[in-house]
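Okay, so here's the structure we're looking at.
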Amino acid sequence: RKYLVINGPNLNLLGTREPEIYGTVTLDEIENRLKKLAKDLGISIEFFQSNHEGSLIDCIHEAKDVIDGIIINPGAFTHYSYAIRDALSSINIPFIEVHLSNLHARESFRISVMADIAIGQITGFGAFGYEMALQAIALPHSSGGE
Ligand code: DQA
């Protein structure tokens, strides 16, 4: 089975970007940890990062029929991109929404316009949240039905 990890705007700057909020782990390091975990779980994994809404949407469309599950941190698009929400609901692939920081402990504009169509949301566990998400999505019954 094959999984896709998508990171949205500004997440390429992880490590140096507001480290008191997002930690000091870089996106490369997160991806390396996920590669190791994927190997242990016996699954394949792919990565994509973009600062552009359209590129994220194109990547989501391309996942249709070839990817079994998506882990996505849409960055600030989480809060207002109905276009990314629509892309995710168009492809029929289960996804988990991940945030390094705890959205619920931050400004009130940091709501999610897509968490309700996700399997679930992992928020506030820093870089480890991605590993939690990969374990969760790779479980046989992770599509939320049981
Ligand atoms: C974030 C939270 C968002 O509010 C913010 O805009 C980000 C990162 C997180 O991982 O905590 O870019 O998604």
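Just so you know, all these numbers are worked out from the coordinates, no wet-lab data involved. None of these values were measured; they are calculated from a predicted model. Note that we place each Cβ from the backbone using ideal geometry, even for glycine, and neighbour counts take in every protein chain shown.
Can you go through 122, 137 and tell me which one is under 14 Å from the mean Cα position of the chain (by Cα), in contact (Cβ under 8 Å) with a residue 40 or more places away in the chain and either in a helix (DSSP H, G or I) or crowded, with 20+ Cβ neighbours inside 10 Å (or both)?
Exactly one of 122, 137 is under 14 Å from the mean Cα position of the chain (by Cα), in contact (Cβ under 8 Å) with a residue 40 or more places away in the chain and either in a helix (DSSP H, G or I) or crowded, with 20+ Cβ neighbours inside 10 Å (or both), namely 137.
Can you say whether residue 96 is under 20 Å from residue 139 (Cα atoms) and within 16 Å of the ligand (Cβ to nearest atom), as far as the supplied structure shows?
So residue 96 passes the test.
Return yes or no: is residue 117 in contact with a helix residue (DSSP H, G or I) (Cβ under 8 Å, 6 or more places away or on another chain) and either surrounded by 18 or more Cβ atoms within 10 Å (Cβ to Cβ) or of a type in the set (Asp, Glu) (or both)?
no
Is there any pair linking a residue in the stretch 69-81 that is over 11 Å from residue 56 (Cα atoms) to one that is assigned to a strand (DSSP E or B) and among the basic types (Lys, Arg), with Cβ under 9 Å and at least six apart or on different chains, and which?
Correct list of pairs: 69/2.
Of the conditions (1) within 12 Å of the ligand (Cβ to nearest atom); (2) without any contact (Cβ under 8 Å) to a residue 12 or more places away in the chain, residue 86 fails just one. Which one is it?
(1)
Out of the residues in the stretch 68-83 that are within 15 Å of the ligand (Cβ to nearest atom) and small (Gly, Ala, Ser), which is nearest to the chain's Cα centre (by Cα)?
Ranking the candidates gives 75 first.
Any chance the stretch 95-106 includes a residue that's over 17 Å from residue 9 (Cα atoms), touching a helix residue (DSSP H, G or I) at 6+ places or on another chain (Cβ under 8 Å) and surrounded by 20 or more Cβ atoms within 10 Å (Cβ to Cβ)?
Checked the stretch 95-106: at least one residue is over 17 Å from residue 9 (Cα atoms), touching a helix residue (DSSP H, G or I) at 6+ places or on another chain (Cβ under 8 Å) and surrounded by 20 or more Cβ atoms within 10 Å (Cβ to Cβ).
When the stretch 1-38 is examined, which residues are found to be more than 12 Å from the ligand (Cβ to nearest atom), small (Gly, Ala, Ser) and assigned to a loop (DSSP other than H, G, I, E, B)?
The one that is more than 12 Å from the ligand (Cβ to nearest atom), small (Gly, Ala, Ser) and assigned to a loop (DSSP other than H, G, I, E, B): 15.
The rows are residues; the columns are (1) aromatic (Phe, Trp, Tyr); (2) under 17 Å from residue 132 (Cα atoms); (3) part of a loop (DSSP other than H, G, I, E, B).
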site	(1), (2), (3)
60	no, no, no
72	no, yes, no
77	yes, no, no
84	no, no, no
92	no, no, yes
108	no, no, yes
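Please pick out the residue among 17, 110, 1 that is over 15 Å from the mean Cα position of the chain (by Cα), more than 21 Å from residue 136 (Cα to Cα) and touching a residue at least 24 places away in the same chain (Cβ under 8 Å).
One residue alone meets the criteria, 110.
Kindly list, by first and then second residue, each pair from a residue in the stretch 22-42 that is in contact (Cβ under 8 Å) with a residue 40 or more places away in the chain and among the β-branched types (Val, Ile, Thr) to a residue that is surrounded by 13 or more Cβ atoms within 10 Å (Cβ to Cβ) and part of a helix (DSSP H, G or I), limited to pairs with Cβ atoms under 7 Å and residues at least 6 apart or on different chains.
So the pair list comes out as 30/130.
For the stretch 39-52, indicate whether the set of residues that are assigned to a helix (DSSP H, G or I) and more than 16 Å from residue 1 (Cα to Cα) is non-empty.
The answer is no; no qualifying residue exists.
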